[in-house]
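The values are calculated or read from the model by the stated rules, or taken from the named source; none is laboratory data. Note that the structure is a prediction, hence the values are computed from the model and not measured. Note that each Cβ is placed from the backbone with ideal geometry, even for glycine, and that neighbours are counted across all protein chains shown.
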Amino acid sequence: MRDKAINLGNDRRSSVRLSLLLCGLASLAGGWQAPLAWGVEMESLYTVEVPLDPDSGDAEADANRAALNEVLIRITGSTDIAESEDMLDLFPNPRMFISQYQEGRGDTLIVSFEGEALERVLRQTSAPVWGSDRLLTIAWLAVDWGMGVREIIGSDEQTRPPAANRTIDRNKMLRERMEAVATRRGIPIVFPLLDAEDRQRIGFSDIWGGFDEQLIAAAERYGASSVLVGRLRPGSAQANRWTWYNDGQRLDWTGEPEDGLN
């Protein structure tokens, strides 16, 4: 199994693009690994909660395989690699790598894996391996909802005036979708508090106008060395614009957040 080559095709670049689109970070870009600065240790990186189908002929085995796939996505940064035939060959019996079971909410199972054992096997192949020390990403998202409604997505929308309830709901939905995908990818992500200190330094026009130096400087307050900047127009024909910064590196692209769910 040593030095086994895994057929990645164009997956490594496309996976990074999709991950960046929603999460602002991925572990590899065509073989380049993001340098770690201000890394944070991901808790429960190798623990996932998956559905347990009571009608399945072997519900536990199916849940084990599904749980392993989710953990491999976090380790490799790629859904295609995690769900490939190569991974079936490498891990024919997921149970061998499981350290703990726990009943979840409803018909779910919480499964914990031996992360070091999984990574040891993966490192004997050409698959990317992203350890538990990961960059903290802050997301500065400016959203033009139309009809003159322009908002910055913050971590606590409840600080907004009651009249903005509809916008709060939309902002919350967008933030939670990004957080869900970030969690699936094992990417630590935060949104700005948008308190007095933030608002004194950053406004909607700073994000929309591309004054990214101010956003990078403001990220220091959060201990984030990775910065995702998004300019979004939901429901518009105009493309959403994204920029990601880390340690002097910059990546620009356009696209819909929904693309990152595939």
Do any residues in the range 108-124 that are of a type in the set (Asp, Glu) have Cβ atoms under 6 Å from those of residues that are surrounded by 14 or more Cβ atoms within 10 Å (Cβ to Cβ), where the two are at least six apart or on different chains, and which pairs are they?
Glu114/Phe97; Glu119/Val129
Filter the range 223-257 for residues that are of a type in the set (Gly, Ala, Ser) and touching a Phe, Trp or Tyr at 6+ places or on another chain (Cβ under 6 Å); the one that is nearest to Glu151 (Cα to Cα) is Gly230
Within the range 187-208, considering residues that are small (Gly, Ala, Ser) and in a helix (DSSP H, G or I), the one modelled with the highest pLDDT
Ser205
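Please work out if Arg221 is in the same structural domain as Trp253 (by TED's automatic domain parsing), part of a strand (DSSP E or B) and surrounded by 13 or more Cβ atoms within 10 Å (Cβ to Cβ).
Criteria not met by Arg221.
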Mind checking which residues of the range 226-259 are surrounded by 18 or more Cβ atoms within 10 Å (Cβ to Cβ), small (Gly, Ala, Ser) and either out of contact with any Leu (no Cβ under 6 Å at 6 or more places or on another chain) or under 15 Å from Asp206 (Cα atoms) (or both)?
Gly230
Odd one out for Arg134, checked against (1) touching a helix residue (DSSP H, G or I) at 6+ places or on another chain (Cβ under 8 Å); (2) over 28 Å from Asp53 (Cα atoms); (3) in contact (Cβ under 8 Å) with a residue 40 or more places away in the chain
(1)
Of residues in the range 175-186 being assigned to a helix (DSSP H, G or I) and buried (at least 18 other Cβ atoms within 10 Å of the Cβ), the one farthest from the chain's Cα centre (by Cα)
Arg175
Taking first residues from the range 86-107 that are closer than 20 Å to Ser56 by Cα and free of Cβ contacts under 8 Å to residues at least 60 places away in the same chain and second residues anywhere that are of a type in the set (Ser, Thr, Tyr) and part of a strand (DSSP E or B), the pairs with Cβ under 8 Å that are 6 or more apart or on different chains are Tyr101/Ser112; Gln102/Ser112
Which strands (runs of 3 or more DSSP E) sit wholly inside the range 86-137 and have at least 3 residues that are at pLDDT 90 or above, of a type in the set (A, V, I, L, M, F, W, C) and within 23 Å of the chain's Cα centre (by Cα)?
108-113
State whether one or more residues within the range 187-208 are outside the structural domain of Ile75 (by TED's automatic domain parsing), small (Gly, Ala, Ser), in contact with an Asp or Glu (Cβ under 7 Å, 6 or more places away or on another chain) and surrounded by 14 or more Cβ atoms within 10 Å (Cβ to Cβ).
no
From the list Gln214, Gln238, which one is without any contact (Cβ under 8 Å) to a residue 12 or more places away in the chain and not in a strand (DSSP E or B)?
Gln238
